[in-house]
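Student: Just passing along the structure, written as structure tokens.
The values are calculated or read from the model by the stated rules, or taken from the named source; none is laboratory data. None of these values were measured; they are calculated from a predicted model. All Cβ positions, even for glycine, are placed from backbone atoms using ideal geometry, and neighbour counts span all protein chains on display. Protein only, heavy atoms only, side chains kept; ligands, DNA and RNA dropped before computing areas. Shrake-Rupley method; radii C 1.70, N 1.55, O 1.52, S 1.80 Å.
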Amino acid sequence: MTRRILLHVGTPKTGTSYVQDVLYRNRPRLALAGILYPADRFDAHFLAALDLMRLPWGGLETEAIGAWDALAARVRRHEGTTIISHEIFATASRSQVGRALESLGHGTGGPDEPELHVVLSVRDLVRQIPAEWQENVKHRSSITYAKFLRQIQSPERSTRIGSWFWGVQEIPDILDRWARDLPPERVHLVTVPPRGGAPEVLWKRFSQAFGLDGIDLTLETERANPSLGAPETALIRRINRAVNRELPPAEYRPLVRELLAHQTLSQRRTSPRLGLPPDVHEWVQRLERSWVEEITVRGYDVIGDVEELIGSPPATWSDPDRPDGDDVAAAGLDAIKALLLDNARLRQEGAGLRHELDETRDALHRAYLRPTYRLREKIVRRLETGQVGRVLLKGYRLARGRSSRSA
């Protein structure tokens, strides 16, 4: 059986959360087809990426120690096809890519060398730029959209924002790092359909890239990375400015990113959408066209249409740095409602736990008052005063499989 490794290395905001959850949930069905998705938890490949690139990530980097080597070891043991997928692999340096590929067995030249394929899912910059700013905001950033745009347009790319953005979005450079010695037929670009397309089209493209056609998979998923509108993103940015110094990352993730952003504010579909300012579009389109030309010349396997990388000008423009006050206030009310309901749920759960604790305490108290309990307690105390008694008690407890001091 040919050992094949399919490395899906990005990019962010191209349906990756959905794809990874489908693969994770369908591990047993994939295994029946000889395909390994090596993950014992849904974020296993994320932790492996953090470990490979030594990235700080709100404390999760300590949990990630050793994750890449463990994943690579599982891949080397598998005789069939393996799929590895996470979007932040896109920003790996050349040395980190070299370490990753070597640990997977690539480049050995021997009969056991796996057949390596690189998969890159890509979307036009007209949608990617506002999406990346929003992701920064959902990860505690309070940077304005205008400042974000200035930093990614800077030719030096010296800021943290600019360096990260181009690390995960500059398609030719990502492929130079991950696929520099691969034949073009082993490099697969999955293009995201234009806005308004049927949602199943993107999955069909991923399925083709991963070789999953014909395998009966469950495609329902609860994990996604939904987008916010302009006023909702503005609200989260203002919340970040207010709470970042006091709310630790471990609390920010469930409360702000998950409860407020993903579960609540993303459901507001009628708000003005985030978009690209009209004065930036010409610069973006020149860059997109240069990428399309480069991809075409290189001869990669494009699944979709490479022209989909050239985004359409936005029909409307709503500045998230100067949002409509009523829109932000309405989003704020929904946020407050979500927090109140979640607090009420926690209070009810706490009251239930306190009731159970009180019942348990009362039951123990009643047990202590029983004559038989007091008699056993008296016997145990007497036995503990002598060496023979202590030996007998130890044997009794071992026989019952108990390590406590109670008889």
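Student: Give me the number: length gained by fully extending Glu220 to Arg345, i.e. 0.36 nm times residue separation minus the C-alpha to C-alpha distance, one decimal in nm.
Tutor: Here the segment from Glu220 to Arg345 would lengthen by 42.3 nm.
Student: Further question: Between Ser163 and Leu398, what is the label-to-label distance in nm when each label sits 7 Å out along the Cα-to-Cβ direction?
Tutor: Roughly 6.1 nm, to one decimal.
Student: Among the listed pairs Lys13/Lys204; Lys147/Lys337; Lys138/Lys204, give every one whose C-alpha distance is greater than 25 Å.
Tutor: Where the Cα-Cα span goes over 25 Å, the pairs concerned are Lys147/Lys337; Lys138/Lys204.
Student: Count the DSSP beta bridges whose two residues both fall in the chain, then state the antiparallel fraction as a percent rounded to the nearest 5.
Tutor: 5 percent
Student: I want to verify a result. In a Gaussian network model of the chain, Cα cutoff 10 Å, which of these has the top mean-square fluctuation: Asp112, Asp358, Asp69?
Tutor: Largest GNM mean-square fluctuation: Asp358.
Student: Roughly to the nearest percent, how much of the accessible area of the stretch 278-395 is carbon and sulfur, given a 1.4 Å probe?
Tutor: So the carbon and sulfur contribution to the accessible surface is 55 percent.
Student: Using the heavy atoms of the protein chains alone and a 1.4 angstrom probe, what is the accessible area of the chain per residue in square angstrom?
Tutor: Accessible surface, normalised per residue, equals 53 Å².
Student: Would you please put 268-277, 388-397 in order of how densely packed they are, using the mean number of other Cβ atoms within 10 angstrom per residue and starting with the highest?
Tutor: Output ranking for 268-277, 388-397: 268-277, 388-397.
Student: So what are the ³J(HN,Hα) numbers for the stretch 108-117, from phi and the Karplus equation (6.51, -1.76, 1.60; θ = phi - 60°), rounded to whole Hz, Gly and Pro as x?
Tutor: Once rounded to whole Hz, the list reads 6, x, x, x, 8, 5, x, 8, 8, 10.
Student: Provide the FRET efficiency to the nearest 0.05 for the Leu353-Val243 pair, computing r from the beta carbons and using R0 = 30 Å.
Tutor: The pair Leu353/Val243 has a calculated efficiency of 0.65.
Student: Between Ala250 and Arg322, how high is the FRET efficiency from 1/(1 + (r/R0)^6) when r is the Cβ-Cβ distance and R₀ = 25 Å? Nearest 0.05.
Tutor: For Ala250 and Arg322, the calculated efficiency is 0.15.
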